[in-house]
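K.L.:
Sharing a structure with you now.
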Amino acid sequence: MKSMTTPLSATLLAVICFCCPTSGWTAEPASEVISNIRNRFEDEQTAETPDFQKHVVPLMGRLGCNGRACHGSFQGQGGFQLSLFGYDFDMDHKGMLERIDTDAPVESYALQKATMVEPHEGGKRMDVGSWEYRIFLNWIKAGAKEVDEPVKLERLEVTPTELVFDAAGQTKPLTAVAVWADGSREDVTPLCRYTTNDELICAINEEGIVTSGEMGDSNVVVAYDMAVVPVSVIRPVSEQTGDMYPQLATKTAIDSHVVDKLRKLGVIPSDLCDDAEFLRRVTLDMTASLPTANQVREFLSDSTPDKRARKIDELLETPAYAAWWTTQLCDWTGCSDEQLNNVVPGVGQRGSQIWYDWIYDRVSKNVAYDDLMENIVVANSRRENESYEDYCKRLTTYAREKDESFADQEGLFYFWGRRNFLKDEDRAIGFAYTFMGTRIQCAQCHKHPFDVWTQKDFTEFEDFFTRVQFSRTGTDKAEYAKLIKELGVEKLNGNDQRRAIEKQLNSGKTLPFPELVIRPSRNTNTKKGKAAPAVSESNMARLLGEQEVNLEEIEDPRTALMDWLRNSPTKLFAKAFVNRVWANYFNRGIVEPTDDLSLANPPSNPALLAYLTDGFIANNYDMKWLHREICLSDTYQRSWKPNDTNVHDDRNFSRAVPRRLPAETAFDALTIATTNDQRASEFCSNLEDRATVRSSPPRNSATGTDYALSVFGRSLRESNCDCDRSSEASLLQTLFVRNDKDMLLMLETKSGWVNQIAKEIGASTNENEKGTEQVEILEKRQAKLERSIKQLKKSGNEKQVARLEEQLLELQNANSIQPRTENSRVDFEPAKIIEEAYLRTLSRYPTKDETQLAATYLTSAEDSVTGVRDLMWALINTKEFMVNH
């Protein structure tokens with residue numbers, strides 16, 4: 001495992017240590033706690049002067065003054081603006097000074113508005129003579145002092161750390177103690193902001209008193225100064241908790257952590273799933289494939305105790321595993337032809353394909369996750385001592401797809417060349433999303449409401465990206481001009497020049513390629529013998545509230561980013577991947593949403609996430625270790641069938657939750673269910689025509705695979721959000737599976753299983769016979785596509801040509817529909833066909849009743865082939881087929 005000592009600011013470390021019980025933090029001897037300010041200021045005779053940072057600003061937050069709906073909004077209210085959530089003490093102090101009167105404190109406009117002496121759209125915020133009123137009044141009387149130097153909050157200690165209720169309507173108070181850098185400790189309970197993550201489970205008022213609601217678990221969140229602390233709230237769903245909980249075997253560490261949480265909730269996990277359910281589930285989850293009928297038979301007949309473990313290892317070695325997880329990594333890294341348009345010379349609209357191939361090459365070799373990501377984060381275009389011309393020659397060779405490919409390039413530098421990744425702020429936001437599963441965009445304008453980052457933290461983090469440049473013309477303008485001249489396109493501009501360059505890919509000439517450039521620091525060009533200029537504040541950058549880095553001393557600022565990802569005490573780099581992989585297997589992350597790892601959105605099982613994160617790091621970021629560890633657990637292998645205690649559990653992993661298949665998985669499942677036995681047997685090893693290898697979907701495709709993937713919610717990779725991929729069911733999905741022409745083509749094509757059965761039972765006819773309505777329709781579609789392609793080629797619309805050629809290829813690969821004679825009723829044994837149909841669709845044997853029902857239909861159908869086709873149509877339209885369970 002790579003390691004590097006990384007300092008962390010005291011404030012962030014304090015918050016992390018308190019929030020994470022596995023961080024190893026041990027409490028220092030506690031000094032005397034100053035009683036809370038409410039008690040002190042209830043006495044109208046108090047002469048204490050409140051502190052602007054510690055008391056006045058937090059109180060404005062508690063009263064809602066600096067919230068989004070009030071003076072914390074971007075435009076403020078009534079000409080008065082405060083920093084949102086009170087992160088800018090200087091701005092807030094200046095704003096307050098305009099509304100207070102130190103000579104006549106009681107007459108201060110701010111006090112009169114808040115107490116409704118003067119009309120106030122925000123309503124009364126406090127009463128005259130209240131403890132809140134006296135805090136503001138005493139601060140004004142003492143001269144309304146500002147904050148000379150903010151004091152560091154070491155940590156916020158919130159007790160209890162977990163609340164357990166046994167009935168609705170019960171209440172329990174929280175106590176919050178601020179521990180400052182000077183060692184002082186103060187009860188700040190009345191000054192904190194309190195929120196709940198689920199109002200149905202628990203509510204919390206402004207005094208920090210939690211009220212229980214429905215049975216289940218959630219969190220309340222306590223915020224004060226720069227600290228954000230979640231507190232777990234549990235109301236058990238049954239009386240079977242603690243000593244009353246049954247003794248359950250926990251064969252893995254995952255199971256132990258899950259059962260520990262379930263014991264508190266009184267939730268009994270479901271039994272293990274049967275072998276058929278396990279095989280179908282793990283094959284779909286790990287490889288986006290259905291098991292074949294023969295694979296189901298073999299697995300169900302295997303009586304060895306380790307067959308599930310062996311099946312997991314077998315699937316991890318298939319090309320289909322590498323293809324599916326490459327697809328997901330492409331989602332998270334933003335692989336998109338839309339964003340690579342005109343960025344990758346020589347490949348037309350296939351920029352996403354070389355991106356996909358680059359990642360696939362490494363996933364198939366099980367390259368460590370941190371090494372794979374490092375070759376994206378610190379990717380370079382040129383090799384060491386390589387000239388611009390030699391670099392262009394090498395990439396031209398890759399584009400020609402000869403003996404080498406872009407997968408041989410050391411780094412995926414096109415990650416930095418996307419059109420939506422060119423501005424520094426976009427890079428900061430996108431970087432945090434991709435590599436940390438974290439949303440930091442809020443901090444772009446104000447203090448982050450759910451974490452410790454301020455606008456200053458965002459700006460200082462943004463500085464790491466300012467020297468990274470993606471140059472379309474490389475770094476040697478003379479060499480670039482020379483290559484352009486050799487191609488004879490120097491007089492052309494824009495898209496005309498680009499198209500002319502791409503047409504010469506196979507001419508033997510070298511194409512000019514864009515280049516990733518790290519601009520030198522200002523100190524680099526210092527003349528020999530002269531001292532380097534002093535480092536200014538603008539040369540210093542900070543890694544999201546952690547260590548400060550002098551950018552003038554680093555050749556490539558991205559190396560500091562990569563070191564930080566590996567070594568930050570937050571471990572967000574490893575956590576983000578672990579959480580996303582877990583979500584693939586359980587339909588939700590341990591942190592949900594999966595791209596919102598923030599302090600205010602804590603994991604449903606912190607110990608579980610910590611175990612998997614630490615194990616992933618200790619195993620050198622071995623992705624297969626993580627997949628294996630999850631799939632070997634009883635937690636993953638539990639049945640979807642609920643019991644009385646876990647019927648409503650959807651966040652604590654006490655059972656499998658049936659979920660709709662992801663887009664690529666759904667389409668490939670339809671393909672493998674309907675194709676012939678030979679193609680089905682090769683589906684996990686031969687990736688040709690698989691949906692999981694379609695690197696990036698074109699927009700507005702009305703037919704074919706891309707239309708189906710769009711209907712089923714494939715990610716378009718347009719934004720920094722895992723929600724770009726949809727798992728919601730829709731009417732269009734139902735219509736596609738029931739009557740879309742491409743779906744019907746799968747059932748009736750010559751290469752399909754229905755036609756295979758027709759031949760086996762002697763119901764097929766001459767394959768060259770024409771004349772059926774379906775064949776005529778297909779022939780017309782093919783002719784229409786060919787005409788459209790010919791016309792578009794004349795107009796130079798290469799993008800549309802590529803799309804139509806893809807559709808034409810699909811149509812040709814599907815061949816024609818098998819025509820039938822008028823009399824194709826033949827005698828056959830329906831039980832075997834019914835069994836095969838169930839195995840290849842639902843991955844299980846049919847029940848006795850199902851067999852009898854299907855046999856009755858098959859023997860009464862107008863013709864044998866129609867009966868088999870209708871049976872398959874009915875099976876793929878069941879919920880059991882379209883969900884993973």
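K.L.:
How high is the relative contact order of the range 125-251, in percent, counting Cα pairs under 8 Å that sit 6 or more residues apart?
P.N.:
Once normalised by length, the contact order is 22 percent.
K.L.:
How large is ³J(HN,Hα) for each residue in the range 211-225, as worked out from phi by the Karplus curve 6.51 cos²θ - 1.76 cosθ + 1.60 (θ = phi - 60°), to whole Hz, x for Gly and Pro?
P.N.:
Once rounded to whole Hz, the list reads 10, 6, x, 6, 5, x, 9, 7, 9, 10, 10, 10, 10, 7, 6.
K.L.:
Next up: What length, rounded to one decimal in nm, is gained on full extension from residue 559 through to residue 419, with 0.36 nm per residue of separation minus their alpha-carbon distance?
P.N.:
Gain on extension, residue 559 to residue 419, equals 48.1 nm.
K.L.:
Now for a separate question. Averaged per residue, what accessible surface does the range 164-305 expose to a 1.4 Å probe, in Å²?
P.N.:
Heavy-atom SASA per residue in the range 164-305 reads 40 Å².
K.L.:
I'd like the accessible area for residue 226: 1.4 Å probe, protein heavy atoms, all chains in place, Å² to the nearest 10.
P.N.:
Here the residue's solvent-accessible area equals roughly 40 Å².
K.L.:
Given a Förster distance of 30 angstrom, what is the FRET efficiency for residue 272 paired with residue 686, based on the Cβ-Cβ distance and rounded to 0.05?
P.N.:
Efficiency, from the Cβ-Cβ distance: 0.40.
K.L.:
Ranked by accessible surface with a 1.4 Å probe, highest first, in what order do 553, 314 come?
P.N.:
Listed by decreasing accessible area, they come as 553, 314.
K.L.:
Could I have the simple spin-label model distance between residue 492 and residue 371, label points 7 Å from Cα toward Cβ, reported in nm to one decimal?
P.N.:
Result for the modelled spin labels: 4.2 nm.
K.L.:
Compute the length gained on full extension between residue 650 and residue 206: take 0.36 nm times their separation in residues and subtract their Cα-Cα distance, giving the result in nm to one decimal.
P.N.:
156.9 nm
K.L.:
Also: Run the numbers for residue 850 and residue 91: contour at 0.36 nm per residue of separation, minus the present Cα-Cα distance, in nm.
P.N.:
266.0 nm
K.L.:
From the Cα gyration tensor of the range 225-292, with a ≥ b ≥ c the square roots of its eigenvalues, which class applies: rounded if a/c is under 1.5, or else prolate if a/b is larger than b/c, or else oblate?
P.N.:
It comes out oblate by the Cα gyration axes.
K.L.:
At a 1.4 Å probe, what is the % contribution of carbon and sulfur to the accessible area of the range 309-381?
P.N.:
The C+S portion of the solvent-accessible surface of the range 309-381 is 43 percent.
K.L.:
Output wanted: per-residue J couplings in Hz (rounded whole) for the range 288-305, from phi through Karplus 6.51 cos²θ - 1.76 cosθ + 1.60, θ = phi - 60°, x for Gly and Pro.
P.N.:
Per-residue couplings from phi come out as 6, 10, 8, x, 6, 4, 5, 5, 5, 4, 5, 5, 5, 8, 6, 9, 6, x Hz.
K.L.:
Residue 163's amide H: which non-local residues (gap 5+, or another chain) put their own amide H closer than 5 Å, with H modeled 1.01 Å from N in plane and none for Pro or chain starts?
P.N.:
232, 233, 234
K.L.:
Taking a threshold of 26 Å on the Cα-Cα distance, which of the pairs 113/152; 261/307; 759/832; 393/485; 365/641; 311/759 fall above it?
P.N.:
With Cα atoms farther than 26 Å apart: 113/152; 261/307; 365/641; 311/759.
K.L.:
What are the ³J(HN,Hα) values, in whole Hz, obtained from phi via the Karplus relation 6.51 cos²θ - 1.76 cosθ + 1.60 with θ = phi - 60°, for each residue of the range 859-868 in sequence order, with x given for Gly and Pro?
P.N.:
6, 9, 5, 4, 9, 5, 5, 4, x, 5
K.L.:
Just the number please: accessible area per residue for the range 661-731, 1.4 Å probe, all protein chains included, in Å².
P.N.:
Result: 38 Å² per residue.
K.L.:
Quick check on the range 329-432: take the gyration tensor over C-alpha atoms, sort the square-rooted eigenvalues as a ≥ b ≥ c, and tell me if it's rounded (a/c under 1.5), prolate or oblate.
P.N.:
rounded
K.L.:
Taking the full set of protein chains and a 1.4 angstrom probe, give the accessible area of residue 257 in square angstrom, rounded to the nearest 10.
P.N.:
Estimated to the nearest 10 Å², residue 257 gives 50 Å².
K.L.:
Obtain the nm distance between the two label points defined at residue 518 and residue 729 by a simple spin-label model: each point lies 7 Å from its Cα along the Cα-to-C-beta direction.
P.N.:
5.1 nm
The values are calculated or read from the model by the stated rules, or taken from the named source; none is laboratory data. Keep in mind that this is a model prediction, so the values were computed, not measured. Heads up, the Cβs are rebuilt from the backbone with ideal geometry, glycines too, and the neighbour counts pull from every protein chain shown. Note: areas computed on protein heavy atoms with side chains; ligands, DNA, RNA excluded. Shrake-Rupley method; radii C 1.70, N 1.55, O 1.52, S 1.80 Å.
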